[in-house]
Amino acid sequence: MFNKPFWRSAAALTLALLAGACSRTDPANPALWHVEGPQGQQAWLFGTIHALPRPVAWRTARVDAALGQASLLMVEIADLNNDGATRAIYNRLAHAPDQPPIASRVPDKLRPALGQLMGKAGLRPDSFGDTETWAVALALGHAAQGDAEDAANGVDRALLSANHLPVSELEGAQKQLGLFDSLPESAQRAMLASVIEGAPKAPEDTKALEEAWRRGDMGWIGAQTSSGMLADPVLRHQLYLGRNHAWEAAITAAMAHGQKPFVAVGAAHMAGPDGLPALLAAHGYRVTRVE
């Protein structure tokens with residue numbers, strides 16, 4: 001497994017179709033928490049999913065009630081629906097001249113699987129001559145999962161499309177893609193290797209994640225936060241731990257200024273002892289799961 005919860009937001013960000021409205025079809029009960037501070041501060045934490053094969057009815061009564069009480073929507077990327085701007089950022093970061101042959105960037109044992117995955121994606125060996133390794137990993141990860149998912153059905157996009165609140169972004173496209181771009185080459189290659197190794201099970205893993213998100217199974221999601229590519233300490237810090245701590249600081253700062261944020265980020269960032277609910281609880285906030 002190559003931990004789709006962590007790179008899929010960037011893959012969806014860079015490779016998505018234009019967003020569409022979220023219609024009420026399949027039901028979902030994703031996880032939602034209420035946060036209370038010692039001076040009466042309030043926030044809500046909502047675990048999202050960035051792409052789905054079809055729309056789902058995720059706006060439960062409790063989610064709607066939380067949105068009605070909130071004064072601020074906090075998301076990973078505020079301009080998520082601006083695909084042109086995102087594509088420009090991606091192209092600027094992802095390409096650099098004189099990159100080594102793609103086969104030389106993976107262990108010998110993975111080269112046959114790399115060739116198979118590139119063939120599935122309709123790519124030639126020279127397709128990535130100027131593409132940095134992290135961007136290759138995102139592109140091949142997208143190819144491995146197939147065409148079933150559509151970022152237009154992602155919950156983040158639907159929230160932004162129907163939003164009535166002021167919006168605060170926790171990262172933005174430049175910073176989020178920059179997290180991958182600033183990885184040392186060794187970590188980028190570990191990421192690529194993990195994508196190749198997980199490719200045969202990628203559709204199955206994607207479906208399992210979707211089902212876990214729909215039923216609010218944070219135990220299952222949490223189990224993915226320390227396996228696959230996140231077993232690599234550099235990747236784990238850059239793509240998970242560091243982001244969670246930065247986001248927790250932004251959330252508490254917003255509450256300290258009298259805001260009542262509704263925080264909507266990928267569900268994996270809510271999971272386990274290093275997730276946002278646990279981090280806020282460790283700093284004295286009362287965090288209660290309400291759905």
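The values are calculated or read from the model by the stated rules, or taken from the named source; none is laboratory data. All values reported here derive from a predicted model rather than from experimental measurement. Here the Cβ positions follow ideal geometry from the backbone for every residue, glycine too, while neighbour counts run over all protein chains shown.
Exactly one of these conditions fails for residue 153: (1) over 23 Å from residue 204 (Cβ atoms); (2) of a type in the set (S, T, N, Q); (3) buried (at least 17 other Cβ atoms within 10 Å of the Cβ). Give me its number.
Exception for residue 153: condition (1).
Go through the residues of region 100-119 one by one and say whether even a single one is at pLDDT below 95, under 24 Å from the mean Cα position of the chain (by Cα) and either closer than 19 Å to residue 190 by Cα or surrounded by fewer than 14 Cβ atoms within 10 Å (Cβ to Cβ) (or both).
Yes, region 100-119 has at least one match.
Modelled with pLDDT under 90, in a loop (DSSP other than H, G, I, E, B) and within 21 Å of residue 243 (Cα to Cα), is that true of residue 2?
Taking the combined requirement at face value, the residue satisfies it.
Within the bounds of region 274-287, is there any residue that is assigned to a helix (DSSP H, G or I), under 16 Å from the mean Cα position of the chain (by Cα) and surrounded by 14 or more Cβ atoms within 10 Å (Cβ to Cβ)?
Scanning region 274-287, I find at least one residue that is assigned to a helix (DSSP H, G or I), under 16 Å from the mean Cα position of the chain (by Cα) and surrounded by 14 or more Cβ atoms within 10 Å (Cβ to Cβ), so the answer is yes.
Taking the options 194, 186, 226, name whichever one is of a type in the set (Gly, Ala, Ser), over 23 Å from residue 77 (Cβ atoms) and within 16 Å of the chain's Cα centre (by Cα).
Matching residue, one of 194, 186, 226: 226.
Of everything in region 64-81, what is out of contact with any Gly (no Cβ under 9 Å at 6 or more places or on another chain) and touching a residue at least 60 places away in the same chain (Cβ under 8 Å)? Give them in sequence order.
66, 67, 69, 70, 72, 73, 74, 75, 81
Return the total of residues in region 83-117 being closer than 30 Å to residue 156 by Cα, among the hydrophobic types (A, V, I, L, M, F, W, C) and either free of Cβ contacts under 8 Å to residues at least 40 places away in the same chain or in contact with a Cys (Cβ under 7 Å, 6 or more places away or on another chain) (or both).
Of the residues in region 83-117, 1 are closer than 30 Å to residue 156 by Cα, among the hydrophobic types (A, V, I, L, M, F, W, C) and either free of Cβ contacts under 8 Å to residues at least 40 places away in the same chain or in contact with a Cys (Cβ under 7 Å, 6 or more places away or on another chain) (or both).
Test of understanding: among 57, 96, 28, which residue is surrounded by 15 or more Cβ atoms within 10 Å (Cβ to Cβ) and either under 30 Å from residue 146 (Cα atoms) or modelled with pLDDT of 95 or more (or both)?
28
Hey, residue 187 hits all of (1) in contact (Cβ under 8 Å) with a residue 24 or more places away in the chain; (2) over 26 Å from residue 108 (Cα atoms) but one; which does it fall short on?
Here residue 187 clears every test but (2).
Kindly check whether there is at least one residue in region 60-68 that is among the acidic types (Asp, Glu) and within 23 Å of residue 268 (Cβ to Cβ).
No: zero hits.
With the requirement that a residue be at pLDDT 95 or above and not aliphatic (A, V, I, L, M), what does region 148-170 give you?
166, 168, 169
Residues that are more than 17 Å from residue 48 (Cβ to Cβ) and β-branched (Val, Ile, Thr): does region 257-264 have at least one?
no
If I ask for residues that are without any contact (Cβ under 8 Å) to a residue 40 or more places away in the chain and either under 19 Å from residue 170 (Cβ atoms) or touching a helix residue (DSSP H, G or I) at 6+ places or on another chain (Cβ under 9 Å) (or both), which ones from region 40-63 would you list?
Passing the criteria: only 59.
Here is a check on your reading of the model: is residue 291 closer than 27 Å to residue 160 by Cα, assigned to a loop (DSSP other than H, G, I, E, B) and among the charged types (D, E, K, R)?
So residue 291 fits the description; yes.
Restricting to region 64-93, count the residues that are of a type in the set (D, E, K, R), within 20 Å of residue 169 (Cα to Cα) and surrounded by fewer than 13 Cβ atoms within 10 Å (Cβ to Cβ).
Residues that pass the stated criteria total 0.
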